[in-house]
Amino acid sequence: MDSAPGIVSSAAQAYRTLGLPVPDAATLRSFVGPPITDSFPQHGVPREQLSEMVRAYRAVFEAGGMFENSVFDGVPDALVRLRAAGCTLAVATSKPVVYARPICDHFGLSDLVDAVYGAPLDEHLSTKAMVIAEALAGLRFEQGPDAARVVMVGDRGHDVRGATENGIDCIGVTWGYAAAGELAQAGAVALVDDLDALVAEVLARVGVAV
């Protein structure tokens, strides 16, 4: 999903609420993907104000910012195609799962995937690697030969690193919010520029004839 509008507007309002300088647009766009508890300290929020900042952010996000996003064109069709080919599909996001599930429901994605996994509300207690590990365990892919047929799809470096920590490959999609070279430097096994290429790459890597 293109979740930047809601994340950017919620983060900017949180800075204004605490009377802190609002980062520029490019910096705010970098908040898309990583846990918000990582992004705020990296961009001007003192550690002693982090909890207050997160509360301010979530007040805006929960009031409607969480739905200020859109499904990238063609994603539902790609999910249908992957499922029809026999793939098990799951969302593994750094967003708290209490937001991820209603967002997927709201945009009609829940019925197109088999499960939705996310971080706890206290994002300090989680990493992307931990979310992916929970997904693998929940889908019973953490052990055995089937694990070699699991692939992560992500648009930021922390997606790639989280997959690597769990011993699985990550395909990077170039239509997200990664900086130039970020996905390749993190170790993505392939970069794809559109959904047809993504479907083909996923099916090839999980051993389904295209």
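Over the range 83-207, what is the mean sequence separation of C-alpha contacts under 8 Å (at least six apart), divided by residue count, expressed as relative contact order in percent? Show your work: numbers first, answer last.
Numbers: 191 pairs, mean separation 22.9, N = 125.
Rounded, it is 18 percent for the range 83-207.
Please arrange ARG156, ARG55, ARG29 by how many other C-beta atoms lie within 10 Å of their C-beta, fewest to most. Intermediate results must be reported in sequence, preceding the final value.
Working: ARG156 23, ARG55 12, ARG29 16.
Listing ARG156, ARG55, ARG29 from fewest to most nearby Cβ atoms yields ARG55, ARG29, ARG156.
State the volume of the convex hull built on the alpha-carbon positions of the range 20-123, expressed per residue in Å³ and rounded to an integer. Working shown, then result.
Details: hull volume 11.3 nm³, N = 104.
It is 108 Å³ per residue.
Between the helical axis of 128-138 and the dominant principal axis of the chain, each derived from Cα atoms, what acute angle in degrees is found, rounded to the nearest 10?
That helix lies at roughly 40 degrees to the long axis.
So what's the angle, to the nearest 10 degrees on a 0 to 90 scale, between helix 97-106 and the longest Cα principal axis of the chain?
70 degrees
Once phi is turned into ³J(HN,Hα) by the Karplus curve 6.51 cos²θ - 1.76 cosθ + 1.60 with θ = phi - 60°, what whole-Hz value does each residue of the range 154-165 show in order, with x for glycine and proline?
Per residue, the Karplus-derived 3J(HN,Hα) values read x, 10, 9, x, 5, 5, 5, 5, x, 5, 4, 4 Hz.
When a footprinting reagent is the concern and you count Cβ atoms within 10 Å, what order do SER70, SER10 take, fewest first? Write down the numbers at each step before the final one.
Details: SER70 14, SER10 24.
Arranged by neighbour count, lowest to highest, SER70, SER10 become SER70, SER10.
Please state the charge dipole magnitude for the chain, taken about the Cα centre, from unit charges on C-beta atoms (+1 on K and R, -1 on D and E), reported in debye and rounded to the nearest 20.
Details: 15 positive and 26 negative charges, 59 e Å.
For the chain, the charge dipole is close to 280 debye.
With axes computed from alpha carbons, what is the tilt in degrees of helix 50-62 against the longest principal axis of the chain, rounded to the nearest 10 within 0 to 90?
70 degrees
By the gyration tensor of its Cα atoms, with a ≥ b ≥ c the square roots of the eigenvalues, what is the shape of the range 162-204: rounded for a/c under 1.5, prolate for a/b over b/c, or oblate?
Working: a/c = 2.39, a/b = 1.10, b/c = 2.17.
Cα axes put the range 162-204 in the oblate bin.
What is the magnitude of the charge dipole of the range 12-102 about its Cα centre, with +1 placed on the Cβ of each Lys and Arg, -1 on the Cβ of each Asp and Glu, and no other charges, expressed in debye to the nearest 20?
Here the range 12-102 has a charge dipole of around 200 debye.
May I ask for the net charge around LEU79, where only other residues with Cβ less than 14 Å from the Cβ of LEU79 are counted and Lys, Arg are +1 while Asp, Glu are -1? Please list the in-between numbers first.
Details: positive: ARG81, ARG83; negative: ASP73, ASP77, ASP111, ASP114, ASP196.
Taking every Cβ under 14 Å from that of LEU79, the sum is -3.
Along each of its three principal axes, how wide is the spread of alpha-carbon positions in the range 75-205, in whole angstrom units, largest first?
34, 33, 32
In percent, how large is the relative contact order of the chain, given Cα pairs closer than 8 Å and 6 or more residues apart? Please report the intermediate quantities before stating the final value.
Details: 309 pairs, mean separation 35.4, N = 210.
Relative contact order here is 17 percent.
Full-extension gain between ARG83 and THR17, please, as 0.36 nm times their residue separation minus the C-alpha to C-alpha distance.
Values: separation 66, 0.36 × 66 = 23.76 nm, distance 4.39 nm.
Separation in residues times 0.36 nm, less the Cα-Cα distance, equals 19.4 nm.
Let me have the 222 nm mean residue ellipticity of the chain computed from DSSP H runs of 4+ only, each contributing -39500 (n - 2.57), with the sum over all residues rounded to the nearest 500. Don't jump to the answer; show the numbers that get you there.
On the way: 10 runs with 95 residues, N = 210.
-13000 deg cm²/dmol, from helical runs alone.
For ALA115, which sequence-distant residues (separation of 5 or more, or a different chain) have an amide H within less than 5 Å of its own amide H, given hydrogens modelled in the peptide plane?
VAL91
The numbers here are math on the coordinates, done by the rules we state, and not lab data. Keep in mind that this is a model prediction, so the values were computed, not measured. All Cβ positions, even for glycine, are placed from backbone atoms using ideal geometry, and neighbour counts span all protein chains on display.
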